[in-house]
Amino acid sequence: MLKIRLGMTLLTVALAATGCSRFIDNGSLDHKTASSLPPLQLPNDIQARSPTPLYPAPRIDEAALQNTPDFVSKNGKRFELPRPKLDTPLTTATLSQAVGKAVLVQDGNQNPLLKIEGDANSVWRYTLATLSTLNLKAQPSDQGYDAQVVYQDQTFTLRLSSSGTSNTLAVLDAKRNFANAEIAMELLTQISQNWPA
């Protein structure tokens, strides 16, 4: 019984300490009140190179400091970036600016791929919209950017891989290997020809 009480007490203290840490000053705003220090002075009898500042602090005009945005938490004790605000609603016009054209390429093993520049979420929405235009029923998976597609009486997986703003769309077979190059090329060509961007 004593062990349970001790465990519950420690758990309560740990939860209280982590929950209250957002109200405690963590030093993230100390740069606002920092002042310059004179250079380090060594005694004359020590032979050493004179210290030079590796990262000298820039001199900033006082007016510039007064006009900078203030990124502090509600209680004013921590640095906190503001949440992004969506000023304009996403429309087809804004999405088409964010997504590039679908270009047919091949990897080193001659597997056909579609290369598309843009945000991965937008590219994936465009992919699903294009499949709908082609009357191909896509069943997106819950994990990542995968969708099951039936094409020429065979089930394939379309997988979008993203690296920054560069995305590649690949056609995989039921064993999750690259699909037959001819069939994959046909499907990807149809997608690229009907790509809305």
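Could you list M185, M8, M1 so that the one with the fewest beta carbons within 10 Å of its beta carbon is first and the one with the most is last?
Numbers: M185 18, M8 10, M1 5.
Ranking M185, M8, M1 by Cβ neighbours within 10 Å, fewest first, gives M1, M8, M185.
How do the peptides 134-145, 40-51 rank, highest first, by the average count of neighbouring beta carbon atoms within 10 Å per residue? Intermediate results must be reported in sequence, preceding the final value.
Values: 134-145: 12.2, 40-51: 7.2.
Top to bottom by mean Cβ count within 10 Å: 134-145, 40-51.
Running a GNM on the chain with Cα contacts under 10 Å, which residue among S36, S73, S166 ends up with the highest mean-square fluctuation?
S36
Among (1) 36, 18, 15; (2) 32, 26, 17; (3) 53, 29, 22, only one was calculated for this model; which label is it, if the read-out is semi-axes √(5λ) of the Cα gyration tensor in Å?
The value matching this structure is (3).
How far apart, in nm, are the 7 Å Cα→Cβ label points at K85 and T155?
It is 4.8 nm.
Run the helix sum for the chain: -39,500 (n - 2.57) per DSSP H stretch of 4+ residues, divided by residue count, reported at 222 nm to the nearest 500 deg cm²/dmol.
Numbers: 5 runs with 58 residues, N = 197.
That calculation yields -9000 deg cm²/dmol at 222 nm.
Once R0 is set to 35 Å, what does the formula 1/(1 + (r/R0)^6) return for the Cβ-Cβ distance between N75 and N121, expressed as a FRET efficiency to the nearest 0.05? Write out the running numbers ahead of the final one.
Details: r = 34 Å, r/R0 = 0.97.
The formula returns an efficiency of 0.55 here.
Y151's amide H: which non-local residues (gap 5+, or another chain) put their own amide H closer than 5 Å, with H modeled 1.01 Å from N in plane and none for Pro or chain starts?
The answer is F156.
Round to the nearest 0.05 the FRET efficiency obtained for T68 and S163 when R0 = 35 Å and r is the Cβ-Cβ distance. Write out the running numbers ahead of the final one.
Numbers: r = 34 Å, r/R0 = 0.98.
Between T68 and S163 the formula returns 0.55.
How large, in Å, is region 98-193 by the Kirkwood hydrodynamic radius built from its alpha-carbon pairs? Numbers along the way, then the final one.
Values: mean 1/r = 0.0762 Å⁻¹.
Hydrodynamic radius (Kirkwood, Cα only) of region 98-193 equals 13.1 Å.
Given a 10 angstrom Cα cut-off, can you work out which residue in K101, K85, K32 is the most mobile in a GNM of the chain?
K32
Helix hunt in the chain: which complete DSSP H runs extend at least 18 Å axially by C-alpha with mean Kyte-Doolittle at least -0.5?
On the way: long enough: 2-20 (27 Å, 1.38); 120-133 (19 Å, 0.11).
TM-like helix candidates: 2-20, 120-133.
Quick one: among D61, D70, D30, which has the greatest mean-square fluctuation in a GNM of the chain with alpha-carbon springs under 10 angstrom?
Among D61, D70, D30, the largest GNM mean-square fluctuation belongs to D61.
Run the numbers for D173 and L42: contour at 0.36 nm per residue of separation, minus the present Cα-Cα distance, in nm. Intermediate results must be reported in sequence, preceding the final value.
Values: separation 131, 0.36 × 131 = 47.16 nm, distance 7.14 nm.
Taking D173 through L42 to full extension adds about 40.0 nm, to one decimal.
We did not get these values from a lab; they are worked out from the coordinates using the rules stated. Fair warning: this is a prediction, and the values are worked out from it, not measured in the lab. With ideal geometry, Cβ positions are generated from the backbone for all residues, glycine too; neighbour counts draw on all protein chains shown.
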